[in-house]
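Single-structure report; data block below.
Derivation of every value follows stated rules applied to the coordinates shown; laboratory data play no part. None of the values given here were measured: they were computed from a predicted structure. With ideal geometry, Cβ positions are generated from the backbone for all residues, glycine too; neighbour counts draw on all protein chains shown.
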Amino acid sequence: MDLAGFVEPGSQEAGLLKLIDANRVPKHIAIIMDGNGRWAGMRKLPRVAGHRAGIESVRDIIESAARLGVDVLTLYAFSIENWKRPKREVNTLMTLLKEYIQRELNNVKKNNIRFQAIGRIQELEKSVYRELQHATDETKENTGMLLNVALNYSGRAELVDTFNRMFLELKQNGHRTPIDEDVISRFLYTSGIPDPDLLIRTSGEMRISNFLLWQIAYSEIYITSTFWPDFRRRHLLEAILEYQQRDRRYGAIKKQ
Ligand code: FPP
């Protein structure tokens, strides 16, 4: 964990960092980044200003998670349902995403982060798709944190895609034995990635919003009222600290 050198000595973050057990940092953190619109509304700004401000949180959280030794960070950036938003807002989100990749790719590479997009990304506009492919390609040899960005994603659509691919392949291979959970996991967008240990949702809504439905079966859920554009390293440390105080039992009884 090399975050120590990046927090101000004596600051609240430094205090939180001291309380965190470096050996029990969640391996996979998934985040529903919510509240950009309300953040902007409270400041009498257009919703897109909230998304723009949210990019700063994205940058801060990616760097912090990587330095904390998180193996996988999954960010819910655009759901299939988000297409119902005004065209201008959708366009801004896509532009912000492209700009983010163009501006931050070098930094992502420098931090040994591997980039990947999950979702029906082939349905995105060509220029966005190309940018995503470029970032994936350029970082594929990296061995540090995997940054998974969920785009044009929904949990149910993922299951539909998973089952279709699975049935097709199993049929081609003449597979006859019943499928099990491991087989299904292998066909998910997140194939080969451990399930999230911690799911964070900002802005206080008590919903899953069609995110990683299969994968969060045993994830610890942390909901904070902080809006996404205000969610920074300190808030991530608080979430990890609370996670470490939970008792994960996976349906078993409490250990004596
Ligand atoms: C939710 O706030 C946020 C989103 C739908 C988009 C999140 C996207 C970004 C921060 C930018 C792109 C991401 C990356 C990875 C570069 P909301 O609009 O639903 O807020 P509200 O619930 O207050 O209306």
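Of all residues in region 20-41, those being within 16 Å of the ligand (Cβ to nearest atom), in a strand (DSSP E or B) and not small (Gly, Ala, Ser) number 3. Hey, among Arg248, Arg201, which residue is closer than 24 Å to Ala22 by Cα, within 16 Å of the ligand (Cβ to nearest atom) and in contact with a strand residue (DSSP E or B) (Cβ under 7 Å, 6 or more places away or on another chain)? That would be Arg201, the only listed residue that is closer than 24 Å to Ala22 by Cα, within 16 Å of the ligand (Cβ to nearest atom) and in contact with a strand residue (DSSP E or B) (Cβ under 7 Å, 6 or more places away or on another chain).
Looking only at region 42-88, which residues are more than 13 Å from the ligand (Cβ to nearest atom), surrounded by fewer than 22 Cβ atoms within 10 Å (Cβ to Cβ) and not in a helix (DSSP H, G or I)? Of everything in region 42-88, those that are more than 13 Å from the ligand (Cβ to nearest atom), surrounded by fewer than 22 Cβ atoms within 10 Å (Cβ to Cβ) and not in a helix (DSSP H, G or I) turn out to be Lys44, Gly69, Asp71.
Are any of the residues in region 143-156 more than 15 Å from the ligand (Cβ to nearest atom) and under 28 Å from Lys84 (Cα atoms)?
To start, the set of residues in region 143-156 that are more than 15 Å from the ligand (Cβ to nearest atom) comprises 143-144, 155-156.
Within this subset, residues satisfying the condition of being under 28 Å from Lys84 (Cα atoms) are 155-156.
Yes, region 143-156 contains at least one residue that is more than 15 Å from the ligand (Cβ to nearest atom) and under 28 Å from Lys84 (Cα atoms).
Would you confirm, using the coordinates I've provided, whether Val149 is out of contact with any Cys (no Cβ under 6 Å at 6 or more places or on another chain) and touching a residue at least 60 places away in the same chain (Cβ under 8 Å)? So Val149 fits the description; yes.
Of the residues examined, Arg120 is not one that is closer than 23 Å to Ala53 by Cα and more than 11 Å from the ligand (Cβ to nearest atom). When each of Tyr129, Tyr100 is tested for being among the aromatic types (Phe, Trp, Tyr), part of a helix (DSSP H, G or I) and closer than 15 Å to Asn148 by Cβ, the lone residue that passes is Tyr100. Among residues of region 89-117 being buried (at least 18 other Cβ atoms within 10 Å of the Cβ) and among the charged types (D, E, K, R), the one that is nearest to the ligand (Cβ to nearest atom) is Glu104.
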